[in-house]
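The values are calculated or read from the model by the stated rules, or taken from the named source; none is laboratory data. Predicted model, so just to flag it, every value in this text is computed and none were measured. Cβ atoms come from the backbone with ideal geometry, glycine included; neighbour counts cover every protein chain shown.
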Amino acid sequence: MRRFLVAGNWKMHGSSEMTADLISGVARRAFDAARLSEQKELSYDILVCPPAPYLGQAANHSESLPIAVGAQNVSQHESGAFTGEVSLAMLSEIGCEYVLLGHSERRELFGESDTLIAEKFAACVANSSASIVPVLCIGETLEDRQSGDTEAVVEAQLDAVINKVGIAAFDNAVIAYEPVWAIGTGETASPEQAQEVHAFIRAKLNGLDSAIADKIRIVYGGSVKPSNAGELFAQKDIDGGLIGGASLDVDSFSGICEATQKLIENT
Ligand code: 13P
């Protein structure tokens, strides 16, 4: 049974105060809900991905809490003359455990190509001392979906990475399916629409390595809220969420964590 992952991508939002308040608030609410549960402990993972300046603070603040910290981006290079870039070793040193790769905003607004994203993924795999888990974000645009190209687009994004690093490299990775048309729009993929693509991704991986396909967490992102999280995460191949807007507020992010807790209790 895969462990759910509830991840917050803060994008370029936040402050030092918010970092402290959100981590404390979410941890408290998650603990409270878990204490009341049959399991008596948190049986899913929580991840926050604040902007780079707050990563060290977030990691220190969450040290004794069941909340992991991830970066929103990383350089493909180890070190050198790369003004403005941050390396995996640096992220690891300050306590990051995950990194988002290839978010659609990075692809669209900053021109990140499939090739570059594959290089970043390869850097995560190569740098075993940093041991940072890549969260590979993939997803189609509205135009892709309307022209019936969803599976082809998602497959090409996946293939670009698999061809570079090999399927074995997905042993310690997360995939986030984020349909671009559902990001920040308030429009969510229906549970059936999301499940269909998640199942396609898992079947594709299954064709290459069934153990990895079975184990890998595929999370959904795109207007996840407390009101729709339970139904989305209840789908067979959806193992949690990557949440944008609703991860910026203790109540809404906790609501999603609580929906996850409830789902675990009822299954
Ligand atoms: P929203 O939850 O704001 O739609 O953002 C999703 C997202 O981009 C997470 O990475």
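Quick check on the stretch 101-138: of everything there that is in contact with a Cys (Cβ under 7 Å, 6 or more places away or on another chain) and not in a helix (DSSP H, G or I), which residue is surrounded by the fewest Cβ atoms within 10 Å (Cβ to Cβ)? Explain how you work it out, then say what you get.
Our first condition is that a residue be in contact with a Cys (Cβ under 7 Å, 6 or more places away or on another chain); within the stretch 101-138, this holds for 101-104, 132, 134.
Now narrow it down to the ones that are not in a helix (DSSP H, G or I): 101-103, 132, 134.
Numbers: L101: 29, G102: 27, H103: 28, I132: 22, P134: 28.
Filtering the stretch 101-138 for residues that are in contact with a Cys (Cβ under 7 Å, 6 or more places away or on another chain) and not in a helix (DSSP H, G or I), the one surrounded by the fewest Cβ atoms within 10 Å (Cβ to Cβ) comes out as I132.
A118 fails exactly one of the following numbered conditions: (1) within 16 Å of the ligand (Cβ to nearest atom); (2) farther than 19 Å from A203 by Cβ; (3) within 19 Å of the chain's Cα centre (by Cα). What is the number of that condition?
(1)
Test of understanding: among E112, E108, which residue is of a type in the set (D, E, K, R), over 21 Å from N206 (Cβ atoms), within 16 Å of the ligand (Cβ to nearest atom) and in contact with a Lys or Arg (Cβ under 7 Å, 6 or more places away or on another chain)?
Of the residues listed, the single one that is of a type in the set (D, E, K, R), over 21 Å from N206 (Cβ atoms), within 16 Å of the ligand (Cβ to nearest atom) and in contact with a Lys or Arg (Cβ under 7 Å, 6 or more places away or on another chain) is E112.
Residues being crowded, with 18+ Cβ neighbours inside 10 Å and within 12 Å of the ligand (Cβ to nearest atom): count how many of those fall in the stretch 217-234.
9
The rows are residues; the columns are (1) of a type in the set (K, R); (2) within 21 Å of the chain's Cα centre (by Cα); (3) surrounded by 22 or more Cβ atoms within 10 Å (Cβ to Cβ).
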residue: G8; (1), (2), (3): no, yes, yes
residue: D21; (1), (2), (3): no, no, no
residue: S24; (1), (2), (3): no, yes, no
residue: R28; (1), (2), (3): yes, no, no
residue: K40; (1), (2), (3): yes, no, no
residue: Q57; (1), (2), (3): no, yes, no
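What pairs can you find where one residue is in the stretch 242-258 and farther than 12 Å from S223 by Cα, the other is surrounded by fewer than 19 Cβ atoms within 10 Å (Cβ to Cβ) and hydroxyl-bearing (S, T, Y), and their Cβ atoms are less than 9 Å apart, with a gap of 6+ or different chains?
V250/S24; G255/S227
Suppose we filter the stretch 168-189 for residues that are over 19 Å from Q72 (Cβ atoms) and either more than 19 Å from the chain's Cα centre (by Cα) or acidic (D, E) (or both); how many remain?
3
Tally time: how many residues in the stretch 245-259 are surrounded by 22 or more Cβ atoms within 10 Å (Cβ to Cβ) and under 22 Å from V99 (Cα atoms)?
Residues meeting the conditions: 5.
Residue pairs, Cβ under 6 Å, 6 or more apart or interchain, first in the stretch 139-158 and part of a loop (DSSP other than H, G, I, E, B), second charged (D, E, K, R). List them.
Every condition considered, the pairs that remain are G139/E178.
With the structure loaded, tell me whether A189 is closer than 15 Å to I138 by Cβ, surrounded by 22 or more Cβ atoms within 10 Å (Cβ to Cβ), touching a strand residue (DSSP E or B) at 6+ places or on another chain (Cβ under 8 Å) and at pLDDT below 95 or whether it fails that test. Steps first, answer last, please.
Numbers: closer than 15 Å to I138 by Cβ: yes; surrounded by 22 or more Cβ atoms within 10 Å (Cβ to Cβ): yes; touching a strand residue (DSSP E or B) at 6+ places or on another chain (Cβ under 8 Å): yes; at pLDDT below 95: yes.
Taking the combined requirement at face value, the residue satisfies it.
Yes/no matrix, rows are residues, columns are (1) over 13 Å from F253 (Cα atoms); (2) small (G, A, S); (3) modelled with pLDDT under 95:
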position: R3; (1), (2), (3): yes, no, no
position: G8; (1), (2), (3): no, yes, no
position: S15; (1), (2), (3): yes, yes, no
position: G25; (1), (2), (3): no, yes, no
position: E38; (1), (2), (3): yes, no, yes
position: E41; (1), (2), (3): yes, no, yes
position: P50; (1), (2), (3): yes, no, no
position: A58; (1), (2), (3): yes, yes, no
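Would you point out which residue out of D237, D209, D249, D214 is within 15 Å of the ligand (Cβ to nearest atom) and acidic (D, E)? Step through it out loud before you land on a result.
Values: D237 fails: within 15 Å of the ligand (Cβ to nearest atom); D209 fails: within 15 Å of the ligand (Cβ to nearest atom); D214 fails: within 15 Å of the ligand (Cβ to nearest atom).
From the options D237, D209, D249, D214, the qualifying one is D249.
Name the residue, out of G139, G166, G148, that is of a type outside the set (F, W, Y) and within 16 Å of the ligand (Cβ to nearest atom). Give the steps one after another, and end with the answer.
Working: G166 fails: within 16 Å of the ligand (Cβ to nearest atom); G148 fails: within 16 Å of the ligand (Cβ to nearest atom).
Going through G139, G166, G148 in turn, just one is of a type outside the set (F, W, Y) and within 16 Å of the ligand (Cβ to nearest atom): G139.
How many residues does the stretch 1-21 hold that are farther than 22 Å from L232 by Cβ and either touching a Cys at 6+ places or on another chain (Cβ under 6 Å) or part of a helix (DSSP H, G or I) (or both)? I'd like the intermediate steps shown before the answer.
Within the stretch 1-21, the subset farther than 22 Å from L232 by Cβ is 12-21.
Still in the running and either touching a Cys at 6+ places or on another chain (Cβ under 6 Å) or part of a helix (DSSP H, G or I) (or both): 16-21.
Residues that pass the stated criteria total 6.
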